[in-house]
Amino acid sequence: MRIDIISVLPELLEGFINHSIVKRACDKKVAEIHLHSLRDYGKGNYMKIDDYAFGGGAGMVMMIEPIYNLINALKAERNYEEIIYTSPDGERFTQGEANRLSMLSSIIILCGHYKGVDHRVRQHLITKEISIGDYVLSGGELAAAIITDSVTRVLPGAISDETSALSDSFQDGLLSPPVYTRPPEFNGWTVPEVLISGNHKAIEQWNDEQSYERTSRLRPDLLQ
Ligand code: SAH
């Protein structure tokens, strides 16, 4: 899968794509992530990408032309199934959406900045708007990182133990059971007996019960 991220601050994402599961997925050619600096498509000597809002008001607005030119340059190379704009008023991002996006072959993620983009970008160039939660960030880079991370980790081959991503919270509509590792006792604090019993059937049943108990207590909305 290929993800193209458009940003005025691509440096913010460089560390992120060069570490952990995202990097491993790229090394294994399971994912391909390309960062694009919007400023390269800016106008004039100053590579301008923003301007004052029509009608006044504080804050700059990202201009349509550089975004249009960059998106068109990408679209001339390949077909994109989604062109996403990260926005606090977009559709709330979920695991279901991460799974859906992971089945596409190429997507673009446009990160906003300042007051956001000229609304015509959203009307004519964008196919999907995603919010990562009800709060406002200063830029879309963190949202793009969240989308990219959650999509990449469910790509087959990204995680060595493939069942691991599928047993995470939300995948089956339930939260994960608690996990423990060695030592079996620390400071007098013990691990649930069943987990060190070696009885796989009992362990599976305990995990299921814990998932259900935690979900009904912490996130009853998921059971509805
Ligand atoms: N004026 C806008 C907020 C702009 S914040 C408004 O009130 O809706 C600057 C940029 O950060 C946005 O264009 C968007 O790309 C990104 N951003 C901020 N909060 C976000 C969120 N919750 N989810 C996704 N992207 C967000």
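The values are calculated or read from the model by the stated rules, or taken from the named source; none is laboratory data. From a predicted model like this one, the values you see are computed outputs, not experimental measurements. Heads up, the Cβs are rebuilt from the backbone with ideal geometry, glycines too, and the neighbour counts pull from every protein chain shown. Calculation scope for accessible area: heavy atoms of the full protein, side chains included, ligands and nucleic acids excluded. Shrake-Rupley method; radii C 1.70, N 1.55, O 1.52, S 1.80 Å.
The table below gives the values:
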| read-out | value |
| --- | --- |
| Kirkwood hydrodynamic radius of the stretch 82-224, from inverse mean 1/r over distinct Cα pairs, in Å | 17.9 |
| Relative packing of peptides 47-57, 75-85 - highest average C-beta neighbours within 10 Å first | 75-85, 47-57 |
| Value of [θ]222 nm, deg cm²/dmol, for the chain, DSSP H segments ≥ 4, -39500 (n - 2.57) each, nearest 500 | -10500 deg cm²/dmol |
| Cross-link pairs LYS29/LYS128; LYS23/LYS201; LYS23/LYS48; LYS28/LYS75; LYS28/LYS201; LYS29/LYS115 - those with Cα-Cα distance over 29 Å | LYS23/LYS201; LYS23/LYS48; LYS28/LYS201; LYS29/LYS115 |
| Sequence-distant residues sharing a close amide H with LEU110 (under 5 Å, placed H) | ILE6, ILE84, TYR85, THR86 |
| For LEU175, distant residues with modelled amide H under 5 Å away | PHE170, THR215 |
| Integer Hz, Karplus 6.51/-1.76/1.60 couplings in order for the stretch 176-189, x for Gly and Pro | 5, x, x, 10, 9, 9, 5, x, x, 9, 9, 6, x, 8 |
| Filtered chymotrypsin sites (Phe, Trp or Tyr not before Pro), the stretch 152-224: DSSP coil and at most 16 other beta carbons within 10 Å | TYR180 |
| DSSP bridge pairs, the stretch 2-152: antiparallel proportion in percent, nearest 5 | 20 |
| Order of exposure, largest accessible area first, which applies to THR190, THR148 with probe 1.4 Å | THR190, THR148 |
| Amide H contacts under 5 Å for LYS48, placed H, 5+ residues apart | LYS43 |
